[in-house]
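J.: Below: one structure in structure tokens.
The values are calculated or read from the model by the stated rules, or taken from the named source; none is laboratory data. No experiment lies behind these values; they were computed from the predicted model shown. A quick note on method: Cβ atoms are made from the backbone with ideal geometry, for glycine too, and the neighbour counts reach across all protein chains shown.
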Amino acid sequence: MARYTKSVCRLCRREGIKLYLKSDRCYSDKCAIDRRPYAPGQHGQQRKKMSEYGLQLREKQKARRIYGVMEKQFRNYFKEAERQKGITGENLLRLLERRLDNVVYRLGFAGSRAEARQLVRHGHFKVNGRKVNIPSYLVRVGDEISVRDKSKSSPKFKEIAEAAAHKTPPAWLEADVENFTGRVVALPEREDIDVPIEEHLIVELYSR
């Protein structure tokens with residue numbers, strides 16, 4: 001399956017909630033789900049009774065779309081979560097939160113996860129002093145994420161710094177906006193993960 005390249009506002013409408021995929025637009029009155037709060041397509045306004053499988057599938061699709069991962073990649077994350085000790089659903093969310101593109105977004109160095117993914121791919125970030133351009137790179141406790149010196153003076157990052165000053169990172173991260181650095185101080189706990197996902201439905205789906 002190829003990466004989705006059409007309007008991401010349709011994805012929010014399909015899931016029935018804001019997935020915050022377009023940065024500032026999601027907070028404005030131009031948000032598609034505020035203007036048309038029903039699924040896209042000619043049958044979008046019809047009420048449909050969702051089956052148990054349908055609920056589980058939608059929850060999995062919602063998680064994939066929030067974090068921007070492909071189906072095969074998501075399944076691999078689930079397999080890894082199963083191998084780890086603890087609750088599988090929470091392990092899955094913890095793995096997704098540790099992705100470098102998500103951490104960049106959580107630190108406030110990007111307006112959305114999609115923007116963070118692009119910035120990482122273009123080589124603007126370093127982990128522990130080494131350039132990393134892999135969005136799926138999993139950070140560990142103690143890792144320091146920083147913006148490359150050449151990138152700090154760009155207009156884009158000056159704009160990001162102004163926006164980041166008004167954001168508060170989750171408890172498992174520390175951010176120094178002035179110096180464009182962040183640190184992973186702990187692994188994320190379930191209460192630190194504010195995504196609207198019922199992970200037990202995903203576990204039930206893959207357990208069929």
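J.: Can you tell me which residues in the range 99-126 are of a type in the set (A, V, I, L, M), touching a Leu at 6+ places or on another chain (Cβ under 7 Å) and over 12 Å from Leu173 (Cβ atoms)?
T.: Passing the criteria: Ala110, Ala114, Val120.
Results for (1) touching a Cys at 6+ places or on another chain (Cβ under 8 Å); (2) among the aromatic types (Phe, Trp, Tyr); (3) surrounded by 14 or more Cβ atoms within 10 Å (Cβ to Cβ), shown as yes or no for each residue.
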{"site": "Ser51", "(1), (2), (3)": "no, no, no"}
{"site": "Gln56", "(1), (2), (3)": "no, no, yes"}
{"site": "Lys62", "(1), (2), (3)": "no, no, yes"}
{"site": "Tyr67", "(1), (2), (3)": "no, yes, yes"}
{"site": "Phe74", "(1), (2), (3)": "no, yes, yes"}
{"site": "Phe78", "(1), (2), (3)": "no, yes, yes"}
{"site": "Glu82", "(1), (2), (3)": "no, no, no"}
{"site": "Asn91", "(1), (2), (3)": "no, no, yes"}
{"site": "Val104", "(1), (2), (3)": "no, no, yes"}
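J.: Would you mind finding the one in Glu90, Glu80 that is modelled with pLDDT of 95 or more, more than 17 Å from the chain's Cα centre (by Cα) and in the same structural domain as Glu59 (by TED's automatic domain parsing)? Before you say what the answer is, go through the steps one by one.
T.: Numbers: Glu90 fails: more than 17 Å from the chain's Cα centre (by Cα).
Within the list Glu90, Glu80, the selection yields Glu80.
J.: Continuing with the same structure: Quick test of your reading of the structure: Cys26 fulfils all but one of (1) part of a loop (DSSP other than H, G, I, E, B); (2) modelled with pLDDT under 65; (3) not β-branched (Val, Ile, Thr). Name the failing condition by number.
T.: Among (1) part of a loop (DSSP other than H, G, I, E, B); (2) modelled with pLDDT under 65; (3) not β-branched (Val, Ile, Thr), the lone unmet condition for Cys26 is (1).
J.: Mind checking which helices (runs of 4 or more DSSP H) fall wholly inside the range 110-208 and carry at least 2 residues that are more than 23 Å from Phe74 (Cα to Cα), outside the structural domain of Asn76 (by TED's automatic domain parsing) and over 19 Å from the mean Cα position of the chain (by Cα)?
T.: On the way: elements: 113-121, 149-152, 155-164, 199-206.
Of the helices (runs of 4 or more DSSP H) lying wholly inside the range 110-208, those with at least 2 residues that are more than 23 Å from Phe74 (Cα to Cα), outside the structural domain of Asn76 (by TED's automatic domain parsing) and over 19 Å from the mean Cα position of the chain (by Cα) span 149-152, 155-164.
J.: May I pose another question? Gly142: in contact with a strand residue (DSSP E or B) (Cβ under 7 Å, 6 or more places away or on another chain), surrounded by 13 or more Cβ atoms within 10 Å (Cβ to Cβ) and on the phi > 0 side of the Ramachandran plot, yes or no?
T.: Working: in contact with a strand residue (DSSP E or B) (Cβ under 7 Å, 6 or more places away or on another chain): yes; surrounded by 13 or more Cβ atoms within 10 Å (Cβ to Cβ): no; on the phi > 0 side of the Ramachandran plot: yes.
No: the conditions fail for Gly142.
J.: I'd like to check something: does the range 41-48 contain any residue that is over 22 Å from Val184 (Cα atoms), modelled with pLDDT of 90 or more and surrounded by fewer than 19 Cβ atoms within 10 Å (Cβ to Cβ)? Quick ask: steps written out before the conclusion?
T.: Restricting attention to the range 41-48, the residues satisfying the condition of being over 22 Å from Val184 (Cα atoms) are 41-48.
Now drop any that are not modelled with pLDDT of 90 or more, which leaves none.
There is no residue in the range 41-48 that is over 22 Å from Val184 (Cα atoms), modelled with pLDDT of 90 or more and surrounded by fewer than 19 Cβ atoms within 10 Å (Cβ to Cβ).
J.: Looking only at residues in the range 177-208 that are of a type in the set (D, E, K, R) and modelled with pLDDT under 90, which one is farthest from Gln56 (Cα to Cα)?
T.: Going through the range 177-208, the residues of a type in the set (D, E, K, R) turn out to be 178, 183, 189-192, 194, 198-199, 204, 208.
Within this subset, residues satisfying the condition of being modelled with pLDDT under 90 are 178, 194, 208.
Working: Glu178: 42, Asp194: 19, Arg208: 11 Å.
If we take residues in the range 177-208 being of a type in the set (D, E, K, R) and modelled with pLDDT under 90, then Glu178 is farthest from Gln56 (Cα to Cα).
J.: Kindly evaluate Ala186 against the criterion of being in contact with an Asp or Glu (Cβ under 9 Å, 6 or more places away or on another chain), buried (at least 17 other Cβ atoms within 10 Å of the Cβ) and either within 30 Å of Ile87 (Cβ to Cβ) or not small (Gly, Ala, Ser) (or both). Spell out how you get there, then give the answer.
T.: Values: in contact with an Asp or Glu (Cβ under 9 Å, 6 or more places away or on another chain): yes; buried (at least 17 other Cβ atoms within 10 Å of the Cβ): no; either within 30 Å of Ile87 (Cβ to Cβ) or not small (Gly, Ala, Ser) (or both): yes.
No: the conditions fail for Ala186.
J.: Only one of Arg113, Arg99 is among the basic types (Lys, Arg), at pLDDT 95 or above and touching a helix residue (DSSP H, G or I) at 6+ places or on another chain (Cβ under 9 Å). Can you tell me which? Outline the logic, then answer.
T.: On the way: Arg113 fails: at pLDDT 95 or above.
Matching residue, one of Arg113, Arg99: Arg99.
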